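Student: The structure follows.
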Amino acid sequence: MYLKNIYLKHFRNYQEQRLEFSSKKTILLGENAQGKTNLLEAVGLLSSLKTIRARRDRDLIMHGENISQIASTIHRENAPVDLAITLRENGRRVCTINGESSRRQMDFIGILNIVQFSSLDLDLVRGGPEQRRNWLDELLIQIEPIYAHILQQYNKVLRQRNALLKEVKKQGQMLNSQRSELALWDAQLATLGARVTVRRSRALQRLAPIAETGHQAIGGHSETLEIKYLPNVEAMQDPTVRESAQKAGLAFLEKIQSRAIAEQHQGTSLVGPHRDEIAFFLNQQPVRQFASHGQQRTLVLSLKLAELKLIEEVVGETPVLLLDDVLAELDPKRQQQLFQAIGDRFQTLITTTHLDHFAQQWIDSAQTFTVKGGQIYS
């Protein structure tokens, strides 16, 4: 898989910009706040239709404009694919594949596969459970595009159920009509929650061995990494429950019933995959409590390299790697391990404020652009 070009119009601080990528390695060089990360964000949107840096599409559109456009040609093994997104202030997006409008989100997602690694990912271990859930969800959407639809459905039911519980809390008691409505939301939450949990568990089962093996190689075989998925509905840890839709649904409903009073008191849903955890252990010790900063960085690097391998294994093509200002956070040893793992196999777009982190051989084989004030120069 190869990102051949990208076109931006009125996106963030880019008035109009077109780039052609002629090398597997692209360095985006420039000071902070010039637009380097914005370019990677546009690539991320073409991949997943999501960005964690903006809550609304209007935040992605250049100030004073009403519409923004992103377009790119992706070279895949079977055939090139043209992708384009038009963003509007009112939030109505238009996504096209080879010039034809894509009505379903999952038809667009998964055409361009990427792995993103930024300085923010170094908080993957130290941050809260939501950060780790988002990381796993983003990976899952790439290897199972239908998961985006399942997760969207689950979150919709969760919002509506929470709205009802909030109303019940405000009233101080539950009406019979509300009790019947809540039972309907319970059933949907259980069904969709089980689907989310099963897919998360399955993805982590595939990723964990790759990450654990890679971590031993990076860490010099002195540490053993273990990754555990801890679902909020504990019964879902049992494979026989996960493999049965009926058993999984019953397990969810039992947990919901056990927390019914607490949910009404707090006015929010306390049961479901929105409260799952992914835990990391080194030599059987929890990483969050006992690992040094260096150990945490090695772990995150192992996870990112495992993502590359898993996507390649599932999709059958190498994903594009986006490295955003991450080299400054890695010591020289880990930088070298990262570059060795990338080699010439993965197309890489990397942002940096200076070239000191790169070996001359890497610079010579890369295409370098300078980014300044929303303009990119070769």
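The values are calculated or read from the model by the stated rules, or taken from the named source; none is laboratory data. Owing to the predicted nature of the structure, the values given are computational and were not obtained by experimental measurement. Ideal geometry is used to build each Cβ from the backbone, glycine not excepted, and the neighbour counts take in all protein chains shown. Note: accessible area is taken over every heavy atom of the protein model, side chains too, but ligands, DNA and RNA are not part of it. Shrake-Rupley method; radii C 1.70, N 1.55, O 1.52, S 1.80 Å.
Student: Which of the residues spanning the range 156-183 are under 30 Å from ILE227 (Cα atoms) and in contact (Cβ under 8 Å) with a residue 40 or more places away in the chain?
Tutor: The one that is under 30 Å from ILE227 (Cα atoms) and in contact (Cβ under 8 Å) with a residue 40 or more places away in the chain: LEU158.
Student: While we're on this one: Look at the range 191-238 and say how many of its residues are modelled with pLDDT under 95 and either closer than 26 Å to GLY272 by Cα or β-branched (Val, Ile, Thr) (or both).
Tutor: Number satisfying all stated conditions: 3.
Yes or no, residue by residue, for (1) farther than 25 Å from LEU112 by Cα; (2) touching a helix residue (DSSP H, G or I) at 6+ places or on another chain (Cβ under 6 Å); (3) among the β-branched types (Val, Ile, Thr):
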| residue | (1), (2), (3) |
| --- | --- |
| ALA279 | yes, no, no |
| ARG288 | yes, no, no |
| GLN295 | yes, no, no |
| VAL320 | no, no, yes |
| LEU323 | no, no, no |
| LEU327 | no, yes, no |
| GLN336 | yes, no, no |
| GLN340 | no, no, no |
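Student: May I ask you to list the residues in the range 321-367 that are more than 24 Å from GLN296 (Cα to Cα) and of a type in the set (A, V, I, L, M)?
Tutor: LEU355, ALA359, ILE363, ALA366
Student: Additional query: I need the full set of residues from the range 25-54 which are charged (D, E, K, R) and either buried (at least 20 other Cβ atoms within 10 Å of the Cβ) or without any contact (Cβ under 8 Å) to a residue 12 or more places away in the chain (or both), in order please.
Tutor: Within the range 25-54, LYS25, LYS36, GLU41 meet the criteria.
Student: Take the residues of the range 287-313 that are modelled with pLDDT under 95 and open to solvent by 30 Å² or more (accessible area, probe 1.4 Å): which is nearest to the chain's Cα centre (by Cα)?
Tutor: ARG297
Student: Also: Filter the range 95-120 for residues that are under 21 Å from GLN295 (Cβ atoms), modelled with pLDDT of 90 or more and open to solvent by 20 Å² or more (accessible area, probe 1.4 Å) and give the result.
Tutor: Correct list: SER118 only.
Student: Going through the range 225-246 one residue at a time, which ones are open to solvent by less than 70 Å² (accessible area, probe 1.4 Å), out of contact with any Asp or Glu (no Cβ under 8 Å at 6 or more places or on another chain) and of a type in the set (Gly, Ala, Ser)?
Tutor: Matches in the range 225-246: SER244 only.
Student: Separate question: Restricted to the range 6-22, and to residues that are among the aromatic types (Phe, Trp, Tyr) and in a strand (DSSP E or B), which residue is most open to solvent (accessible area, probe 1.4 Å)?
Tutor: TYR7
Student: Hey, among the residues in the range 39-88 that are in contact with a strand residue (DSSP E or B) (Cβ under 6 Å, 6 or more places away or on another chain) and in a loop (DSSP other than H, G, I, E, B), which one's farthest from ILE27 (Cα to Cα)?
Tutor: Ranking the candidates gives GLU65 first.
Student: Next question, about the same structure. Within the group ASP121, ASP186, which residue is acidic (Asp, Glu), under 19 Å from GLY249 (Cβ atoms) and out of contact with any Leu (no Cβ under 6 Å at 6 or more places or on another chain)?
Tutor: ASP186
Student: Which members of the range 343-367 meet the condition of being touching a residue at least 24 places away in the same chain (Cβ under 8 Å) and either in a strand (DSSP E or B) or open to solvent by less than 40 Å² (accessible area, probe 1.4 Å) (or both)?
Tutor: Hits for the range 343-367 are PHE346, GLN347, THR348, LEU349, ILE350, THR351, THR352, PHE358, TRP362, ILE363, ALA366, GLN367.
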